[in-house]
1. By how many degrees, 0 to 90 and rounded to 10, does the Cα axis of helix 2-17 deviate from the longest principal axis of the chain?
2. By counting other Cβ atoms within 10 Å of each Cβ, how are Arg76, Arg258 ranked from fewest to most?
3. Report the relative contact order of segment 281-345, percent, no decimals, based on alpha-carbon pairs under 8 angstrom and at least 6 residues apart.
4. Under 9 Å from the Cβ of Arg117, count the other residues' Cβ atoms, weight Lys and Arg +1, Asp and Glu -1, and hand me the total.
5. Give me the log10 of I(q) over I(0) for the chain at q = 0.10, 0.12, 0.13, 0.15 Å⁻¹, as the Debye formula computes it from C-alpha points; what are the numbers?
6. Given segment 84-185, what whole percent of its Cα pairs are spread farther than 16 Å?
7. Post the alpha-carbon centroid distance, segment 123-194 to segment 311-345, in whole angstrom.
8. Magnitude of the Cβ-charge dipole of the chain, K/R +1 and D/E -1, about the Cα centre, nearest 20 debye?
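Read the figures in this text as sums done on the coordinates, not as results from a lab. All values derive from a computational prediction rather than experimental measurement. Every residue, glycine as well, gets a Cβ built from its backbone with ideal geometry; the counts of neighbours run over all protein chains shown.
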Amino acid sequence: MKKIFITSIALIFSIAITSNVNAQLFGTTSKVGTTAAQFLKIGAGARAIGMGGAFASIPDDIYSIYWNPAGIATSRSNGQVSFNHANWIAEMDYDFAGGSINLGGMGTIFGSFTSFRIPEDKVRTIEDPEGDGRTWDAGSISIAVGYAKMLTDRFSIGFTAKFVQERIWNSTASGFAFDVGTLYRTPFNDLMIGAAISNFGTSMQLDGRDIQFNSDPDDNIDTGPNNVKSLYDMDAFDMPLSFRIGLSMNVLETRFLRATASLDAAHPNDNVEYVNAGVEFAYDETLFLRAGYKSLFYDEAEEGLTLGGGIKYEFAPNLKIVVNYAYADFGLFDNVQFFDFGLVF
């Protein structure tokens, strides 16, 4: 079992340092603004956000499929479904929906859909600063499927494959990526150790009629070709690759009370390293309070304090309703509030 764990961790590290990932992930500068599909960096799940995004080692939660796909393999339920919504900064909307089915000894299959939308606005130009009669909008989606399995009674591994597309007005960029994660429950007070790499995939390049134009090569309508169909040369950008490792443990556990502390260290390819920390208090596994702090040791971060709470109610035998809320401080950008609703069956 130890050999399996070490081999899996070695696999994740090998992915992180092969090909061009070494330059992406272990560069000396922050490289802010150099990757596409930034919506993939928005955390999913109000429970995870309430705990400061320190979720790489939290087991048995549907939102593990975002943070560390190995976590969903530990679920003892037949399946889970959940929907998460956030009113993002500047009136943008973020939604995440996921579901999983436990196949018993064969493992767990899951899928998710992520949507990020920018509201419609007027097309403004120098000649028409109040709008020229047209409108534009933008949006991004991610469709993912995955598989996770308990390889031993303490160790699980998970994989996710995803299709990613971004759109702005009449142009789109698409790509494919995958996540891989491992989760290990140690003998020391059931301390959990999780590791995951996210968004390892292709680069993305805009294409569409917005980059097309007609060109006059010699800038003279009286000579040569005057209406040559041309394209702007668009750069290709990598996805926001991230390596995350986390620890979590129940620091208090009685008949009715539980307190879980968690800590994540993250290394993205387009920013500096940072640490997330969080804690969850549970009463009878029904009522929950959470607090956390995001982006510790990152001096220029706007993110910080997070708070949240939730309820898990057994509506019928083998059917539980889960409702969660989280508040995340974003400094100059005020705050963002997350809501999710799910079923465990």
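1. Helix 2-17 and the main axis of the chain meet at about 20 degrees.
2. Placing the least packed residue first, the sequence is Arg76, Arg258.
3. Computed value for segment 281-345: 26 percent relative contact order.
4. -3
5. -0.63, -0.87, -1.01, -1.32
6. 69
7. Spelled out, the Cα-based centre of one part sits 20 Å from the other.
8. For the chain, the charge dipole is close to 2120 debye.
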